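Take a look at the structure below.
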Amino acid sequence: MQDVRIDGVDALWAGWCHEGAAAELVRALKYGRKTAVVTLIADRMASVASAGPAPNLVTWVPCSPARHRERGFDPAELLARAYARRMGLRARRLLRRLDDEPQTSRSLQGRLAGPRMAVRRGRLGGLILVVDDVCTTGSTLRVAASALRAGGAAAVVAAVATVAPAAPRQPVALPLP
């Protein structure tokens, strides 16, 4: 595993590498609408991220409005709320998307730039944990962290269900079977 930083993200925890059965779980949630897998994924994320500092608040990277309309739910929101319940933390929608293009439909250059996001309202403080389903390039988490810090977060950590084998990470707790 390489040790590369995602700007603005103080720590990253991943449940699994994005391959094999773990990747299938995430795909089942995102594209198969199998929301029952949230329990298994959130359990794994909580077991991995529990070693880190306790955040003041949990939020998530919002999916594009088009994906939300298509699915009828936001996978990262379901994961964040389930994770927060397991950890006894509050979950709150802090970020909003300023564009409607899903990451998966972007060119490599577009994926590296990441989606545009902003804090929804109010001033933040303390340590914020941001949840996403997959970390591929790290761009989405970088953009989310930047928006959260601009909104007043003192620190930002991230937890994802899976991380692509070549994705940037620092320090990563990635227990593999």
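The values are calculated or read from the model by the stated rules, or taken from the named source; none is laboratory data. In this text, all values refer to a predicted model and were calculated from it rather than measured experimentally. Cβ atoms come from the backbone with ideal geometry, glycine included; neighbour counts cover every protein chain shown. Just the protein is used for accessible areas: all its heavy atoms, side chains included, with ligands, DNA and RNA removed. Shrake-Rupley method; radii C 1.70, N 1.55, O 1.52, S 1.80 Å.
Just to make sure I understand: if all protein chains stay in place, what is the order of R86, R33 by accessible area at 1.4 Å, largest first? Kindly include the intermediate steps, with their values, before the conclusion.
Values: R86 85, R33 120 Å².
Sorted by accessible area, descending: R33, R86.
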Open item on the list: If I ignore ligands, DNA and RNA and count only protein heavy atoms, how much of S47 is accessible to a 1.4 Å probe, in Å² to the nearest 10?
Closed with: 70
Task: Over region 1-84, volume per residue of the alpha carbon convex hull, in Å³ - done: 121
TODO: Could you compute the FRET efficiency for D99 and T35, with r as their C-beta to C-beta distance and R0 at 25 Å, rounded to 0.05?
DONE: 0.50
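Place the peptides 144-150, 18-24 in order of packing, highest mean first, counting for every residue the other Cβ atoms within 10 Å and averaging per peptide. Could you put the intermediate results ahead of the total?
Values: 144-150: 21.9, 18-24: 14.9.
Order by mean packing, descending: 144-150, 18-24.
Subtract the Cα-Cα distance of R120 and C17 from 0.36 nm times their separation in residues, and report this length gain in nm to one decimal. Walk me through the numbers before you get to the answer.
On the way: separation 103, 0.36 × 103 = 37.08 nm, distance 3.09 nm.
Roughly 34.0 nm would be gained on extension.
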Task: Linear extension gain, A150 paired with R92, 0.36 nm per residue minus alpha-carbon span - done: 19.2 nm
